[in-house]
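Trainee: Pasting in a structure now, in structure tokens, and then I'll have a few things to ask.
Just so you know, all these numbers are worked out from the coordinates, no wet-lab data involved. If you're wondering where the values come from, they're calculated on a predicted model, not measured in any experiment. Glycine gets a Cβ as well: all are built from the backbone with ideal geometry, and neighbour counts include every protein chain shown.
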Amino acid sequence: MDQKIVQVKIHPAIGIARVGNSDQPAFIGPESPDQPPLPPGSYKDSTGKIIRQAARFRIYGYNQAGEVVRELKLGEAGVTEITWSVHLANKKAAWYRFHIPLDIPEADKLSPAQRGRRNAAVTGADRKKLVIDSGRHSLKASQQQTADFAGKIMDRAVTLGSARTEQTGRLVLTGGDGASASWDEQHNPISGVANNDTWYDNVSDGPVTADVVIDGETKAASPAWAVVGPPHYAPGVKTVRTLYDLLYDVFVTEKTLEADAQISYPEHVEPLLARFTELQWVNHGFATQFGWQGPYHFLGDDLRARLNDPSETNRDLRRQIYQQMRDYDRDGISPIPWPWIYGDGMTGDKVITSVREHLTLTPTQDRILERWAKGDFTPGPPRTGQPDVDKAPVADQPRLLDRAALDNCAADAFHPGSEVTWPIRHKTMFSEPFRILHRSPNTPEPDYGDTLTSAVLQRKDGPLYAQGPGDLTRWMAAPWQCDTASCRFGYQSRSGFGPRYSPFLPTFWPAQMPNHVLKKADFTTVNTKPSGGDDTARRKAFENRAVWLRGLKGSDFNTQRRQMIDDWYKFGIVEIHEYTVGDNKFPKYIQVESEPGYPPAPDHANLVNVHVPEAGAPQLAAAAGLWRGDLPAESVEAALVQHAIEEVKELTGYDETAIAAGYLEKLDPFHDAQ
């Protein structure tokens, strides 16, 4: 192979860091899609605070044919200097309001006001005070330089993170401490999921660039991007459709990547089906159907043997599983097909009107399963993968780094989502597969006006083309904790309760923010051999799942969101523990919630999530300064919510502790059109 380096690139192309409030050094995020999660106790410190996840960037040299030659490390093979630059920003407060993705047909129903600015009362030159901008920082690897990222919002100092270089010349980037606040909470209490005026957080994103001096010549690397998101509360779980799956499909569709010609059960099919089973640790509905010894436990030996068989003998089993996957043209608005995950058009209406109420697989994932169902695949033993990127062949390392970061991010309902949201699926935002197109620092973004219209989105200088610091995360919820506290399951208007109601399904992003978890006390019971040989107590403990958000007090959603802003780090991290009894009665590895940092709460607290549309009238009117009722708007809203709770108690048999209720503007995106 030609060893002459003519091009250098940064990998991962998009690096993912995550906030944390511990003073302990950050851990490096996954660098291979096959890398196992860290051992129990690695994600929180001894005081219960969350340790930050850092993103590590490397530089690789490519020859004229586009082949990977080697990683470029400082002091090796002619590399005498690596100069990195990073520019992080948070633009949430200065951006536009989020109600629903603007690239789906349903967005046409939004009113101009719903496409308006956040913090619209801040006008003119003062709007620049809404952007938390760290500025561009350069770091020379030869000098082991470091950088701290900070800015201001409305003259309040905000820390966005830091960066350092390793001895090898790699860059390690760490995000903020996860704190959120308001510059005027007295007049702007938390009132919703995504658009809380005067509130800000310290997630961020921005460009990462590098110049490499090799053999006396300076080469500019193809740049990367850093995203700092919320914590991953279940680091051993991947969702059914990850951000990598979504983007891979974008590039296959536009033919800048080629889909694999041969389909392998262990390489292509089993990892997808296994995700349904992995969700057993974060959602009780998935545990019932796809979990240990469930009817579709895809990792069970007997079922795997049949699914891994391309013969006619098991063709109908394969076909039946494939037919379970949602197809909008065939299924319309039906909630029954798989996966049981909310989609971009999700609302809280009893009568579903959009096929996008629920999620589909990507077209590429669907084609893989279609070929598998027909028997067009090769069988094989379970894959071992490449869990350590540094032990993988150098030609594979950039691909592993790119995928690892994105495989652990959500591309479920972009409502708005976990790390990034719907603009990421537009190929106009990329210079090449997975690599964000950078806007030149000398080309400031134009002012798009008071309303983000469809025409603006189509402009070549619009927000779906070249990106600048803070442009990916500005679409996300402000602050992030409000969406995390709202990423629940089984949402229902009170008029929709009945015998077919499930309190567990559908769900939003359980792989990032769990729904129902196995408690440590229950795992201890499971992992203790019974003295009399009776496994009844162990089976009951294994099947029990506690609501992850059970530590949120009361039944009012906004009160709970406000608590989440303070208590976000107190919620458990789902970690992998080994089952050591050795009798094969339970899985060899079991994912268990770490001990929460809040007082004990009933397992079923906040199990039933009730959307109360009628409570929206006083809330929205008060927020707009238009409430003219004899009673305060909050009193009327509270009375309507309490009335709904009483009705739901009678309809479901659950006590009030199990019920969280309120008006969810997120589930009523078209209220202005009604």
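Trainee: Take peptides 273-286, 630-643 and line them up by average Cβ neighbours within 10 Å, highest first, as a rough protection proxy.
Mentor: 273-286, 630-643
Trainee: Here's another thing I want to ask about it. Divide by every residue of the chain the summed helix terms, -39500 (n - 2.57) for each DSSP H run of at least 4, and state the resulting mean residue ellipticity at 222 nm, rounded to the nearest 500 deg cm²/dmol.
Mentor: Theoretical 222 nm ellipticity from helices: -5500 deg cm²/dmol.
Trainee: Can you tell me which lysines have their Cα less than 16 Å from the Cα of K109? Leave out same-chain residues fewer than eight positions away.
Mentor: The reachable lysines, counting only those whose Cα sits under 16 Å from K109, are K666.
Trainee: Report the local net charge at Q24: Lys and Arg +1, Asp and Glu -1, summed over other residues whose C-beta lies under 13 Å from its C-beta.
Mentor: Charge balance in the 13 Å sphere: 0.
Trainee: If you don't mind, another one. Decide, for the range 1-134, between rounded, prolate and oblate: order the square roots of the alpha carbon gyration tensor eigenvalues as a ≥ b ≥ c, take rounded if a/c falls under 1.5, and otherwise choose prolate if a/b is larger than b/c, else oblate.
Mentor: It comes out prolate by the Cα gyration axes.
Trainee: At 20 Å minimum axial length over the Cα atoms and a Kyte-Doolittle cut of 0.0, report the qualifying DSSP H helices in the chain, or say none.
Mentor: 633-652
Trainee: What dipole magnitude, in Debye to the nearest 20, does the chain give about its Cα centre under +1 on Lys/Arg Cβ and -1 on Asp/Glu Cβ?
Mentor: Dipole about the Cα centre, nearest 20: 480 debye.
Trainee: What nm value, rounded to one decimal, do you get for the distance between Q186 and Q458 when each label is placed 7 Å out toward the C-beta?
Mentor: Distance between label points: 4.8 nm.
Trainee: Also, quick follow-up: Roughly how compact is the range 200-322, stated as its Cα Rg over 2.2 N^0.38 Å to two decimals?
Mentor: Normalised by 2.2 N^0.38 Å, the Cα Rg of the range 200-322 equals 1.51.
Trainee: Shifting gears a bit: So which trypsin sites (Lys or Arg not before Pro) in the range 602-668 pass both tests, a DSSP loop state and at most 11 other Cβ atoms within 10 Å of the Cβ?
Mentor: R628
Trainee: Still on this structure: Can you list residues from other chains, or at least 5 along the same chain, whose modelled amide H is less than 5 Å from the amide H of A150?
Mentor: L160
Trainee: Using only the alpha carbons, work out the radius of gyration and Dmax of the range 419-532 in angstrom.
Mentor: Expressed in Å, the Cα Rg and Dmax of the range 419-532 come to 22.1, 75.
Trainee: Using per-residue counts of other Cβ atoms within 10 Å, averaged over each peptide, order 399-406, 365-372 from highest down.
Mentor: Result, highest mean first: 399-406, 365-372.
Trainee: Have a look at the DSSP beta bridges in the chain and tell me what percent are antiparallel, nearest 5.
Mentor: Here the share of antiparallel DSSP bridges comes out near 75 percent.
Trainee: For the range 535-611, what are the per-bin percents of Cα-Cα distances with bins 10 Å wide, up to the bin holding the maximum?
Mentor: With 10 Å bins starting at 0, P(r) equals 16, 40, 27, 14, 2.
Trainee: Using the per-residue mean of other Cβ atoms lying within 10 Å as a proxy for protection, in what order, highest first, do the peptides 484-495, 322-333, 586-597 fall?
Mentor: 484-495, 586-597, 322-333
Trainee: Listed here are the pairs K9/K427; K44/K128; K44/K519; K140/K570; K73/K460; which of them are more than 28 Å apart at the Cα?
Mentor: In this structure, K44/K128; K140/K570; K73/K460 exceed 28 Å between Cα atoms.
Trainee: Please report, in cubic angstrom per residue, the volume enclosed by the convex hull of the alpha-carbon atoms of the range 114-215.
Mentor: Per residue, the Cα convex hull of the range 114-215 comes to 140 Å³.
Trainee: Based on a Kirkwood Rh over C-alpha pairs, give the Stokes-Einstein translational diffusion coefficient of the chain at 10 °C and viscosity 1.306 mPa s in µm²/s.
Mentor: Calculated translational D: 61 µm²/s.
Trainee: Just the ratio, please: alpha-carbon radius of gyration of the range 342-420 over 2.2 N^0.38 Å, N its number of residues.
Mentor: Taking the Cα Rg and dividing by 2.2 N^0.38 Å, one obtains 1.54.
Trainee: Mean separation of Cα pairs under 8 Å and 6+ residues apart, divided by the residue count of the range 44-112: what relative contact order is that in percent?
Mentor: In percent, rounded to a whole number, it is 12.
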